[in-house]
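Beneath this line is the structure, given in structure tokens, with notes to follow.
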Amino acid sequence: MSMISEVVEQALKTGYLSIQAEEKLRLLLSSKYDKKDFSAFMSLQRAAMAGLVEQESRSIMAALSQSNNINSKANTNKPKNNSLLA
């Protein structure tokens, strides 16, 4: 079994794609790969789009976005302090 297929199989089995696995896939896909690897990668893509595999990177981005939204709402409720020392 190829490295791409191994990473894909693990992600499909656990329902989770870590940032490290995502980076490994990027690296592996930047070099020559065969039709079987491409097919495995596409099955992972379909599973992720269907919500069957959670991507750690997207979870982090969503959490950061939500945190930024909360912080910006909290900051709009505070009076502005124009002091340079504040």
Gyration tensor on Cα atoms of segment 1-63, a ≥ b ≥ c root eigenvalues, a/c under 1.5 rounded, else prolate if a/b beats b/c, else oblate, says prolate
Using the Karplus equation 6.51 cos²θ - 1.76 cosθ + 1.60 (θ = phi - 60°), what ³J(HN,Hα) coupling, rounded to whole Hz, does each residue of segment 32-41 give in order, writing x for Gly and Pro? 5, 9, 9, 4, 5, 5, 4, 4, 4, 4
What number comes out for the charge environment of GLN55, summing +1 per Lys or Arg and -1 per Asp or Glu over other residues with Cβ under 13 Å away? -2
How much accessible area per residue does segment 4-59 have, counting only protein heavy atoms and a probe of 1.4 Å, in square angstrom? 68
Report the Cα centroid-to-centroid distance between segment 1-25 and segment 44-71 in angstrom, as an integer. 17
What FRET efficiency do you get for MET3 and MET61 if R0 is 25 Å and r is their Cβ-Cβ distance, rounded to the nearest 0.05? 0.45
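The values are calculated or read from the model by the stated rules, or taken from the named source; none is laboratory data. The model shown is predicted, which means the values in this text are computed figures rather than measured ones. FYI the Cβ positions are ideal-geometry reconstructions off the backbone, even for glycines, and counts take in every protein chain you see. Heads up: the accessible areas ignore ligands, DNA and RNA and are worked out on the full protein's heavy atoms, side chains in. Shrake-Rupley method; radii C 1.70, N 1.55, O 1.52, S 1.80 Å.
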